[in-house]
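None of the figures in this text is laboratory data; all of them are computed from the coordinates on show. Note that this is a predicted model, so its numbers are computed, not measured. Cβ placement follows ideal geometry from the backbone for every residue including glycine, while neighbour counts extend to all protein chains displayed.
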Amino acid sequence: MRKIRVGLIGGGFMGRVHAEALRRLGWVEVMALAKRKRARERADELNIPLAYQDYRDLIRSDEVEVVHILTPNVLHYPMAKMCIEQGKHIVCEKPLTVNSKESAELVRMVKEEHLLNVVCYNMRYYPLVKEAKALVESNEIGSIRLVHGAYLQDWLFYDTDYDWRVEANLGGKSRAVADIGSHWLDMVQHITHQSVVSVFADLTTFVPYRKRSTGESETSTPQRLDDEDCEQVKIDTEDHATVLLRFDRGAKGVFIVSQVSAGRKNMIHFEINGSKKSIAWNGERPNEMWIGERGSINGQFLKDPTLMSEETREYASVPGGAAEGYPDTFKNLFHKVYTWIAEGCGSTDREPPFPTFLDGHREILIVDAVLKSQSEGEWVKVRGSS
């Protein structure tokens, strides 16, 4: 593989995750980092040669071929647009943009310029999520009847838990659904090959005001802030959503998303009930998949590449009994992305083996429908669905 040089815009938690996963590939070089404050300090921590305070300098740099956008959601659109104008390939964290007008424009632009475009829906790259997809494709599950589950967290449980995502002007009008619910939606649509066509949503903001530190503080700070150390912020995004779903091939579904569920750290869970079998998976125990049947003993499928379908073994990099988790999903995703670049597949009509801007746009159209359903109190069709 030829060496591919990458730049990261954003140096927080996701900057470290992306840098580590890219280096595991062996033929990708993380060359530059852009961060508004302390860029050089963070670049040194991550052992990245070039540091920029202005992201535009990174995008213009001849040292960078691919740009990873890891910033607050409101910045995704202008940054991605500039990348396209500069002829740079783009890997963008979800959600792609804060509204469907912006995402539709980006889809059009990358298509015209024939640039690689990726949205980081990494959850679909767990080995057993891929195995669930293979079971559906082989008709082991039968025709799909029900798709249900949840994505639950507690990192915004207290009123002192503050992050830019809670404010619509930085993260978009939807938070829980767009931020983590979109992962669940992408994952189950990827597994089932069924698209969400209409929704009925109930959204709640359980913590209407949050305390934002007037100094620098870590997200999900465990201590209570004194009143003189913070300012009160009115919250205009949802903490929770319960959403009924209808799929294009007849399946029915429901999912709950919450960022205020005490004790749930990062529980992404689905269950799929078919006419032959059921399967269920929980991201907090990612190396196990439950398989249920009416006429025989139910069991746990433990991740083991020797027992997995031939087409999914490549996603299990270590032997059975050795756990694989969250960081491995990024490695699996980036392996597909950077192999695609190295092999020049962008010039072909072949379907990319990773989530693209079009996938990101479709998720935002679902979010639009969820927000409209909450406002109107009725079923809403997802725009563009048949």
The range 4-122, dipole about Cα centre (Lys/Arg Cβ +1, Asp/Glu Cβ -1), debye to the nearest 20: 300 debye
Cut-off 15 Å (backbone N to label point 7 Å along Cα→Cβ of R294), residues of the range 122-154: 141-146
The chain: DSSP helices with Cα axial extent of at least 27 Å and average Kyte-Doolittle hydropathy no lower than -0.5: 357-376
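Once you list every other residue whose beta carbon is under 11 Å from the beta carbon of V188, what net charge do they have if Lys and Arg are +1 and Asp and Glu are -1?
The answer is 0.
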Net charge over other residues, Cβ less than 12 angstrom from the Cβ of V136 (K, R count +1; D, E count -1): +2
Segments 73-81, 232-240 sorted - mean Cβ within 10 Å per residue, highest first: 73-81, 232-240
Computed E for Q232/K372 - FRET, C-beta separation, R0 22 angstrom, nearest 0.05: 0.15
Nearby lysines by direct alpha-carbon distance to K252 (threshold 21 angstrom, same-chain neighbours under 8 apart not counted): K133, K276, K277, K372, K381
Dimensionless Rg over Rh [the chain; C-alpha; Kirkwood]: 0.96
Size of charge dipole - the chain - debye, nearest 20, with Cβ of Lys, Arg +1 and Asp, Glu -1, no other charges: 640 debye
Fraction of antiparallel bridges per DSSP, the chain only, in percent to nearest 5: 60 percent
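Taking a ≥ b ≥ c as the square roots of the eigenvalues of the Cα gyration tensor of the range 94-159, is the shape rounded (a/c under 1.5), prolate (a/b larger than b/c) or oblate? Display every interim value, and only then the final one.
Details: a/c = 2.33, a/b = 1.24, b/c = 1.88.
Since a/c reaches 1.5 but b/c is at least a/b, the shape of the range 94-159 is classed as oblate.
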Computed FRET value (nearest 0.05) for R56 with H114, which takes r as the C-beta separation and R₀ as 25 Å: 0.65
Which of V64, V380, N169, positive extreme of dipole for the chain (C-beta unit charges): V380
Electrostatic dipole magnitude of the range 274-386 [Cβ: Lys, Arg +1; Asp, Glu -1; Cα centre; debye, to 20]: 260 debye
Reduced Cα scattering model of the range 51-153, Debye log10 I(q)/I(0), q = 0.11, 0.16 Å⁻¹: -0.49, -0.81
